[in-house]
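The values are calculated or read from the model by the stated rules, or taken from the named source; none is laboratory data. Predicted model, so just to flag it, every value in this text is computed and none were measured. Here Cβ is always computed from backbone atoms with ideal geometry, including for glycine, and neighbour counts include all displayed protein chains. What goes into the accessible areas is simple: the full protein's heavy atoms, side chains included, and nothing from ligands, DNA or RNA. Shrake-Rupley method; radii C 1.70, N 1.55, O 1.52, S 1.80 Å.
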Amino acid sequence: LIPAPSSLDQTHLLRLPNWLGDLILSVPAVRLYQTWLNDRARLAVAGPASLAPLAPILLPGLDYISTPAWPFAMGPELKKRNVVAATAFPNSLRVALELLSLPYRAGFERNLRNALLTENRPRRTSPYDYVHVADQYLGLLEDLGLPKGEKKLPPPPPLPKPKEAPDTPYLAIFPGAAYGPAKRWDSSSFAVVIRDLVNEHSLEPVLMGGPGDTESCQAVAEAYGSEIHNLSGKTSTLDLAHWIAHARFVLCHDSGPMHLAAFLRRPGVAIFGSTEPAWTGPLGNTVTVARHKVSCSPCFLKVCPLDRRCMTRLTPEEV
């Protein structure tokens with residue numbers, strides 16, 4: 001079990017997931033751990049450098065350690081903070097190597113790395129349905145001795161509106177999905193929904209996404225045919241949080257922006273196809289899932305070997 005905190009000079013560490021969406025799904029577990037420590041020891045978190053700018057928003061007040069490119073380089077950072085116990089949410093071999101210098105190292109069970117952990121537990125499963133990822137993280141901590149927790153997000157902090165944002169209410173559209181093309185809805189269908197929302201609710205449409213989403217955003221812009229703001233590849237992850245925080249509505253896939261919209265309590269619709277909302281769906285009740293269930297879904301494939309029927313059969317009217 002996780003050793004009980006015994007000194008304010010000691011630090012406990014949670015190794016966060018590497019993807020934005022999964023990191024947000026881990027926030028309830030981080031808060032549970034923080035409550036359990038009850039100021040009897042410090043709590044630090046570790047994750048990829050790319051997500052560090054969001055740490056003050058998602059996990060205010062916690063020391064965020066950006067993981068180095070070489071896993072063994074984590075040792076000096078952990079020693080400097082006097083980390084005595086670490087629990088890892090990712091189940092990779094690399095993450096186990098990052099924590100190898102610590103006396104207590106816990107995480108999910110996985111054959112190739114079990115010998116590198118001092119304690120491991122199987123992921124929560126169910127014979128009847130998927131166990132949500134947020135419940136898996138909470139379940140790991142419960143199996144390691146912490147009390148049972150709820151997959152509930154804390155209230156978001158207020159964020160200033162981007163200077164470039166329109167004065168009129170705007171629609172934030174994220175047509176990309178880093179996971180793969182099996183997750184992406186057709187650009188022409190996006191365009192139909194955007195037109196309807198613009199006409200019925202007078203929303204200013206804004207296309208958004210990271211550098212890898214430029215092609216998807218351009219395809220939607222061309223299908224839309226009218227003038228549209230395209231900020232794909234022009235904003236940082238932190239910028240996206242500020243844009244989402246002030247959007248009247250968010251239209252996206254099962255993606256990091258979907259979870260960010262849920263965290264910031266913005267209304268929206270998230271399009272699911274090859275993945276399963278019971279497993280990775282948004283927390284809270286502000287983001288609604290749009291899905292056309294077909295017999296082969298969820299397949300969790302990045303590229304569809306068939307005809308993308310879970311996406312092509314989802315109509316703009318349904319969304």
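Points worth noting:
- The value of relative contact order for segment 1-90, using C-alpha pairs under 8 Å at least six residues apart, is 43 percent.
- Max mean-square fluctuation residue, GNM over the chain, Cα-Cα springs under 10 Å, options G139, G256, G212: G212
- For segment 269-319: rounded, prolate or oblate by the Cα gyration tensor [a/c cutoff 1.5]: oblate
- About its Cα centre, the chain has a charge dipole of approximately 840 debye under the convention of +1 per Lys or Arg Cβ and -1 per Asp or Glu Cβ, with nothing else charged.
- GNM top mover of L25, L260, L93 - the chain, alpha-carbon springs below 10 Å: L93
- When only the Cβ of Lys, Arg, Asp and Glu is charged (+1, +1, -1, -1), the dipole of segment 113-184 relative to its Cα centre reaches about 160 debye.
- Within the accessible area of segment 120-260 (1.4 Å probe), percent carbon and sulfur: 50
- Size of electric dipole in segment 151-308: Cβ of Lys, Arg +1 and of Asp, Glu -1, about Cα centre, debye, nearest 20: 620
- Just so you know, the Cα atoms of segment 57-170 work out to an Rg and Dmax of 18.2, 57 Å.
- Gained length - A73 relative to R265, 0.36 nm times residue gap less alpha-carbon distance: 65.4 nm
- The simple Förster model, with R0 at 35 Å and r as the Cβ-Cβ distance, assigns E222 and T125 a FRET efficiency of 0.20.
- Taking every DSSP helix (H) stretch of at least 4 residues in the chain, weighting each as -39,500 (n - 2.57) and dividing the sum by the residue count yields a mean residue ellipticity at 222 nm of -8500 deg cm²/dmol.
- For the chain, the solvent-accessible area of protein heavy atoms averages 45 Å² per residue (probe radius 1.4 Å; ligands and nucleic acids excluded).
- The GNM of the chain, with springs linking C-alpha atoms under 10 angstrom apart, assigns the highest mean-square fluctuation among W70, W19, W36 to W70.
- For segment 73-112, the relative contact order is 46 percent, taking Cα pairs closer than 8 Å that sit 6 or more residues apart in sequence and dividing their mean separation by the residue count.
- Cα-based Lys pair tally, segment 135-294, threshold under 23 Å, eight or more apart or on separate chains: 4
- As a ratio to 2.2 N^0.38 Å, the alpha-carbon radius of gyration computed for segment 182-319 takes the value 1.00.
- Heavy-atom accessible surface of segment 15-119: percent carbon and sulfur, 1.4 Å: 58
- Tensor-based shape of segment 1-135 (alpha-carbon gyration tensor, a/c under 1.5 rounded, otherwise prolate or oblate): rounded
- K234/L112 FRET efficiency (R0 30 Å; Cβ-Cβ; nearest 0.05): 0.15
- Overall form of segment 165-236 per C-alpha gyration tensor (a/c, 1.5; a/b vs b/c): oblate
- The chain: relative contact order in percent, alpha carbon pairs under 8 Å with at least 6 residues between: 16
- Of the residues T11, W70, A223, the one whose Cα sits farthest toward the positive end of the charge dipole of the chain, with +1 on the Cβ of Lys and Arg and -1 on the Cβ of Asp and Glu, is T11.
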